[in-house]
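A short write-up of the structure that comes next.
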Amino acid sequence: LSICKSILDITARHAAGRRVAVVHVQVGQLRQIVPDTLTYCWDLVSDGTEMSDARLEVTQVPARIFCRSCNHEAPLPDVASFTCAQCGARSTEVTTGEEFLVTSLELSEEAGT
């Protein structure tokens with residue numbers, strides 16, 4: 001709920017009184033956020049506010065790792081192991097999958113309330 005409250009505050013600040021139709025959010029696979037739960041909580045938090053008609057659209061970003069030993073980049077096959085699938089090295093870094101971003105707002109033509 002607190003995450004959705006933060007999204008609501010960010011959205012209201014950037015909408016500046018304009019009516020918001022859709023809030024686009026990216027959530028990395030490695031974040032401990034379940035997209036369906038986030039959408040459900042958005043409905044709870046936005047109810048009765050100027051964002052009550054806004055829909056939260058969540059895009060999940062798959063995790064990828066880069067191996068510093070062999071320069072191979074690939075999807076993370078198992079979130080319990082950050083070992084390179086190509087060479088077996090453990091000198092890897094996450095390149096995607098840790099995102100949590102409000103990426104854009106779709107505004108409606110109507111003025112906000």
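So is THR95 more than 30 Å from ARG19 (Cα to Cα), of a type in the set (S, T, N, Q), open to solvent by less than 70 Å² (accessible area, probe 1.4 Å) and at pLDDT 95 or above or not? Break it down stepwise before answering.
Values: more than 30 Å from ARG19 (Cα to Cα): yes; of a type in the set (S, T, N, Q): yes; open to solvent by less than 70 Å² (accessible area, probe 1.4 Å): yes; at pLDDT 95 or above: yes.
In short, yes.
Of all the residues in the stretch 44-94, those that are within 30 Å of LEU8 (Cβ to Cβ) and small (Gly, Ala, Ser) number 5.
Scanning the stretch 54-71 for residues that are farther than 18 Å from VAL34 by Cβ and either open to solvent by less than 60 Å² (accessible area, probe 1.4 Å) or touching a residue at least 60 places away in the same chain (Cβ under 8 Å) (or both) yields ALA54, ILE65, PHE66, CYS67, CYS70.
Would you please name the residue that is farthest from LEU101 (Cα to Cα), looking only at residues in the stretch 1-53 that are in contact with a Pro (Cβ under 9 Å, 6 or more places away or on another chain) and open to solvent by less than 10 Å² (accessible area, probe 1.4 Å)? Write out each step before concluding.
Filtering the stretch 1-53 down to residues in contact with a Pro (Cβ under 9 Å, 6 or more places away or on another chain) leaves 25, 27-29.
Those still in the list that are open to solvent by less than 10 Å² (accessible area, probe 1.4 Å) too: 25, 27-28.
Details: VAL25: 6, VAL27: 7, GLY28: 9 Å.
Taking the candidates together, the pick is GLY28.
Here VAL45 meets each of (1) under 18 Å from LEU30 (Cα atoms); (2) touching a residue at least 24 places away in the same chain (Cβ under 8 Å) with one exception, condition (1). Being part of a loop (DSSP other than H, G, I, E, B) and in contact with a strand residue (DSSP E or B) (Cβ under 8 Å, 6 or more places away or on another chain) is the requirement here; does GLU106 meet it? Spelling it out, it is not the case that GLU106 is part of a loop (DSSP other than H, G, I, E, B) and in contact with a strand residue (DSSP E or B) (Cβ under 8 Å, 6 or more places away or on another chain). The set of residues from the stretch 6-28 being polar (S, T, N, Q) and either without any contact (Cβ under 8 Å) to a residue 24 or more places away in the chain or over 23 Å from GLN60 (Cα atoms) (or both) comprises just one member, SER6.
The values are calculated or read from the model by the stated rules, or taken from the named source; none is laboratory data. Just so it is clear, the model here is predicted, and its values are computed rather than measured. Note that we place each Cβ from the backbone using ideal geometry, even for glycine, and neighbour counts take in every protein chain shown. Heads up: the accessible areas ignore ligands, DNA and RNA and are worked out on the full protein's heavy atoms, side chains in. Shrake-Rupley method; radii C 1.70, N 1.55, O 1.52, S 1.80 Å.
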